[in-house]
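Asker: I have a structure here, written as structure tokens, and I will follow up with some questions on it.
Just so you know, all these numbers are worked out from the coordinates, no wet-lab data involved. As the structure is a computational prediction, the values presented were derived from the model and not from experiment. Here Cβ is always computed from backbone atoms with ideal geometry, including for glycine, and neighbour counts include all displayed protein chains.
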Amino acid sequence: MPRPRIEVDPTVGLPLPAMRLEHTRRAWGMLPRLTHPRILDLGCGDGVPTVELARLSGGTVVGLDIDGSALERLMDRAAAAGLGDRITTLEGSVADLPFPDGSFDVVWGEGIAHVVGFERALAGWGRVLVPDGFMVLHVATWLRPDPPEGARRTWGSFSEDVSTLEGYADRAAAMGCEVIGSFDLPESAWWDLYYGPLGDRIASLLGSQPDDTDVRGELEAKRQEVEHFRRYRDWLGSGFIAMRRP
Ligand SMILES: C[S@@+](CC[C@H](N)C(=O)[O-])C[C@H]1O[C@@H](n2cnc3c(N)ncnc32)[C@H](O)[C@@H]1O
């Protein structure tokens, strides 16, 4: 009789969401004080930043994502936080925003700008902002210029869109946006709290499940991902950039 498949997700329970919220809060702090802002969170996923934005801002947040099941989890999260009345969701694509011009005071996007490309994000998403509204993006960064080919491979076809933080600032300025703040996440954010513990977990799981080839394959792929990030850790980062729409 075949053995039942063992589902192993070595990332479950790592403190990534909590770690990331610290930086979402710092990014929110780059904006001037806003009264009950209308916020659009693009590619909101299951809403870890979305709910925090509602809490921090005292305003309303629309979370848009292409993944309907993630939006359901978002609303469960919002309800659990007592913020369900200030958060709504919309299933759709960031490539085609169904909102009139000037609908929001803030557009927020964590881990999503590469889907359309930085310049297209600024232009297309900026349209739904009020004049002088703000856009805050959490983007993949090169921690230093001239990344080697191996580091570039990390982001596949999106690699051409990745810059250093200074590079993004220049690109935003070229689009007429005023950069009001930016920061790279510290290396410790990814290594101490995520990739380091993940690597340890994978090593121990690989040690304890030698027979199941499917599980081994998945773990081995994850192990290689961790190793890749370890090798190119001097280049691979992520950062926030906050801009004011022209
Ligand atoms: C890296 S996750 C980030 C989720 C969330 N912003 C966070 O920081 O926890 C990227 C999200 O973008 C969504 N996504 C990818 N392509 C999209 C598209 N074309 N339109 C809308 N959402 C998209 C995915 O479903 C996923 O939830």
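Asker: How do Trp142, Trp155 rank when sorted from fewest to most other Cβ atoms within 10 Å of their own Cβ? Before the final figure, lay out the partial values.
Answerer: On the way: Trp142 24, Trp155 16.
Placing the least packed residue first, the sequence is Trp155, Trp142.
Asker: Which whole-Hz ³J(HN,Hα) couplings does the range 35-52 yield from phi under the Karplus relation 6.51 cos²θ - 1.76 cosθ + 1.60, θ = phi - 60°, glycine and proline marked x?
Answerer: Couplings: 9, 6, x, 9, 10, 10, 9, 8, x, 6, x, 8, x, 4, x, 4, 5, 5 Hz.
Asker: Ranking Ser69, Ser157 by Cβ neighbours within 10 Å, fewest first, what do you get?
Answerer: The most exposed by this proxy come first: Ser157, Ser69.
Asker: Kindly provide log₁₀ I(q)/I(0) values, in the same order as q = 0.10, 0.11, 0.12 Å⁻¹, from the Debye equation applied to equal alpha-carbon scatterers of the chain.
Answerer: Debye curve over Cα of the chain, log10 I(q)/I(0) at q = 0.10, 0.11, 0.12 Å⁻¹: -0.53, -0.63, -0.75.
Asker: For the chain, what proportion of DSSP beta bridges, expressed in % and rounded to the nearest 5, is antiparallel?
Answerer: Just about 40 percent of them are antiparallel.
Asker: Using only the alpha-carbon atoms, how far is helix 213-231 inclined from the longest principal axis of the chain? Give it as 0 to 90 degrees, nearest 10.
Answerer: In the chain, helix 213-231 runs at an angle near 60 degrees to the longest axis.
Asker: Mind checking the angle between helix 196-208 and the chain's longest principal axis? C-alpha axes, 0 to 90 degrees, to the nearest 10.
Answerer: 30 degrees
Asker: May I pose another question? Roughly how big is the range 189-231's charge dipole about its Cα centre, with Cβ charges of +1 (Lys, Arg) and -1 (Asp, Glu), in debye to the nearest 20?
Answerer: Dipole of the range 189-231, to the nearest 20 debye: 200 debye.
Asker: Spin-label point model (7 Å from Cα, Cβ direction): what's the Thr35 to Leu21 distance in nm?
Answerer: It works out to 2.9 nm between the two label points.
Asker: Based on Cβ point charges of +1 for Lys and Arg and -1 for Asp and Glu, what charge dipole magnitude is obtained for the chain about its Cα centre, in debye rounded to the nearest 20?
Answerer: Around 420 debye, computed over the chain.
Asker: In nm, to one decimal, how far is the modelled label at Arg73 from the one at Leu206, with both set 7 Å along Cα→Cβ?
Answerer: About 2.6 nm, to one decimal.
Asker: For the range 61-74, in order, what is each residue's ³J(HN,Hα) by Karplus, 6.51 cos²θ - 1.76 cosθ + 1.60 with θ = phi - 60°, in whole Hz (x at glycine and Pro)?
Answerer: Once rounded to whole Hz, the list reads 10, 9, x, 10, 8, 7, 9, x, 5, 5, 5, 5, 5, 4.
Asker: Ok, one more. Convert each backbone phi in the range 182-194 into a coupling constant with the Karplus relation 6.51 cos²θ - 1.76 cosθ + 1.60 (shift: θ = phi - 60°), then list the ³J(HN,Hα) values in order as whole Hz, x for Gly and Pro.
Answerer: 6, 7, 7, 5, x, 3, 4, 4, 8, 7, 6, 9, 10
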